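Novice: Quick one: structure below, then a few questions.
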Ligand SMILES: NC(=O)c1ccc[n+]([C@@H]2O[C@H](COP(=O)([O-])OP(=O)(O)OC[C@H]3O[C@@H](n4cnc5c(N)ncnc54)[C@H](OP(=O)(O)O)[C@@H]3O)[C@@H](O)[C@H]2O)c1
């Protein structure tokens with residue numbers, strides 16, 4: 001395994017720290033790209049993180065942080081060769097622009113977020129020899145004041161997005177896959193990530209906005225009075241998916257939505273958490289994406305349209 005390629009991870013969010021802590025437990029090199037100028041970072045350049053795994057076992061971790069000012073003050077700092085970017089969908093493009101001067105010309109970038117990625121826009125930010133990958137994950141983690149907790153086992157799917165990533169040798173791809181498996185595994189490598197993204201989109205388009213609007217935990221979506229709304233939203237997702245050439249079967253996706261509602265019944269969705277904390281939501285990459293697709297095909301999705309407006313209104317009321 002090509003384990004000497006150090007991994008840089010953007011931010012100190014739940015997924016990024018989960019990946020960082022799991023790698024460091026395996027004694028693999030990780031550093032964090034952090035923009036926050038917190039006092040502990042200013043003085044030491046290090047971030048301390050407590051990690052609690054699924055079995056409740058806790059470990060303490062210390063990370064070196066890197067950012068634009070580190071490259072300015074220490075010009076010999078090596079350029080970034082492999083970076084995971086697990087940020088909210090709306091944060092990816094500004095992040096790529098910020099990172100580009102500090103990436104090696106052959107860097108590997110692994111982007112991971114909920115909602116539909118703007119893959120073409122991401123590719124346009126890269127140089128020809130930089131490899132772009134997308135990682136979709138259902139791992140669950142929660143950020144706390146002192147660190148991060150792994151809250152739910154999930155699966156991750158990795159795909160090469162641009163020609164440079166696709167033409168990497170089998171051994172290069174395996175090395176990346178193994179590193180990501182230790183970080184956010186199990187990871188499956190797929191040639192076409194779109195079916196995975198649409199399935200996840202169908203679930204997110206139902207669970208996230210409704211829980212945000214009703215300010216309820218996922219399990220409360222099993223209430224019979226919400227069944228007509230869930231059904232109507234999902235039918236619209238399947239309609240627009242079909243127009244995009246995606247085979248998203250209504251019945252199997254409806255039962256998957258209810259499986260996720262049951263399996264995550266105690267959880268607060270990320271959109272509800274964002275609303276509660278007054279942070280921007282990912283509604284534009286989820287419901288907004290569906291509506292943009294629908295407009296291209298001259299379809300109307302009245303239930304999703306109403307939900308988007310309600311969530312946007314809710315978010316505005318918070319700010
Ligand atoms: N948490 C989960 O269980 C989970 C599960 C599956 C999928 N996801 C998805 O995975 C993505 C990440 O989730 P998350 O929960 O880890 O989000 P998060 O807690 O918001 O973490 C993202 C982190 O990246 C930082 N960041 C953004 N842009 C940056 C930049 N240019 N430079 C440095 N730091 C930057 C953010 O800083 P600020 O806080 O300052 O913005 C934040 O610390 C989202 O799309 C989410 O929906 C999450």
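Quick note: the coordinates plus some simple rules give every number you see, no bench work behind them. It should be emphasised that the depicted structure is a prediction, and the values quoted were computed from it without experimental measurement. Heads up, the Cβs are rebuilt from the backbone with ideal geometry, glycines too, and the neighbour counts pull from every protein chain shown.
Novice: Measure nothing fancy, just the Cα-based angle from helix 287-296's long axis to the longest principal axis of the chain, in degrees from 0 to 90, nearest 10.
Specialist: Taking Cα atoms only, the helix is inclined about 70 degrees.
Novice: If you don't mind, there's one more thing I want to ask. Explain nothing, just the number: relative contact order of the chain, from Cα pairs under 8 Å at least 6 residues apart, as a whole percent.
Specialist: The value is 15 percent.
Novice: Report the relative contact order of segment 147-294, percent, no decimals, based on alpha-carbon pairs under 8 angstrom and at least 6 residues apart.
Specialist: 26 percent
Novice: Which value, in nm² and rounded to one decimal, describes the direction-averaged projected area of the C-alpha convex hull of segment 88-204?
Specialist: Details: hull surface 31.8 nm².
Value for segment 88-204: 8.0 nm².
Novice: Here is a further query. Using Cα atoms only, what is the angle between the long axis of helix 14-25 and the major principal axis of the chain, expressed in degrees (0 to 90) to the nearest 10?
Specialist: Roughly 40 degrees, rounded to the nearest 10.
Novice: Find the eigenvalues of the gyration tensor of the Cα atoms of segment 49-98, then list the square roots of 5 times those eigenvalues as equivalent ellipsoid semi-axes, largest first, in whole angstrom.
Specialist: Details: eigenvalues 147, 67, 16 Å².
Ellipsoid half-lengths, sorted descending, are 27, 18, 9 Å.
Novice: Let me ask something else about it. Bin all alpha-carbon pair distances of segment 249-315 at 5 Å intervals from 0 and give each bin's fraction as a whole percent.
Specialist: Percent of Cα pairs in each bin: 4, 14, 18, 20, 24, 15, 5, 1.
Novice: Quick check: convex hull over the Cα atoms of segment 21-140, volume per residue in Å³, rounded to an integer?
Specialist: Given the Cα convex hull of segment 21-140, per-residue volume reads 125 Å³.
Novice: If you don't mind, there's one more thing I want to ask. In what order do 246, 271 fall by count of nearby beta-carbon atoms within 10 Å, going from fewest to most?
Specialist: Taking fewest neighbouring Cβ atoms as first place, the list is 246, 271.
Novice: What is the Cα radius of gyration of the chain over 2.2 N^0.38 Å, N being its residue count?
Specialist: It is 1.01.
Novice: Rounded if a/c is under 1.5, else prolate if a/b beats b/c, else oblate: with a ≥ b ≥ c from the C-alpha gyration tensor eigenvalues square-rooted, which is segment 185-243?
Specialist: Because a/c hits 1.5 or more and a/b fails to exceed b/c, segment 185-243 counts as oblate.
Novice: Provide, as a two-decimal number, the C-alpha radius of gyration of segment 170-319 over 2.2 N^0.38 Å, N being how many residues it has.
Specialist: So the Cα radius of gyration is 1.13 times the expected 2.2 N^0.38 Å.
Novice: Relative contact order of segment 7-191: what whole-number percent is it, with Cα pairs under 8 angstrom and at least 6 residues apart?
Specialist: Details: 346 pairs, mean separation 41.8, N = 185.
Relative CO of segment 7-191 lands at 23 percent.
Novice: Counting each DSSP H run of 4 or more residues in the chain as -39500 (n - 2.57), what helix-only mean residue ellipticity at 222 nm follows after dividing by all residues, to the nearest 500 deg cm²/dmol?
Specialist: Calculated at 222 nm, the ellipticity per residue is -13500 deg cm²/dmol.
Novice: On a 0 to 90 degree scale, rounded to 10, what angle separates helix 227-243 from the longest Cα axis of the chain?
Specialist: 70 degrees
Novice: Using mean Cβ contacts within 10 Å as the protection proxy, how do 12-23, 47-58 order, highest first?
Specialist: Top to bottom by mean Cβ count within 10 Å: 12-23, 47-58.
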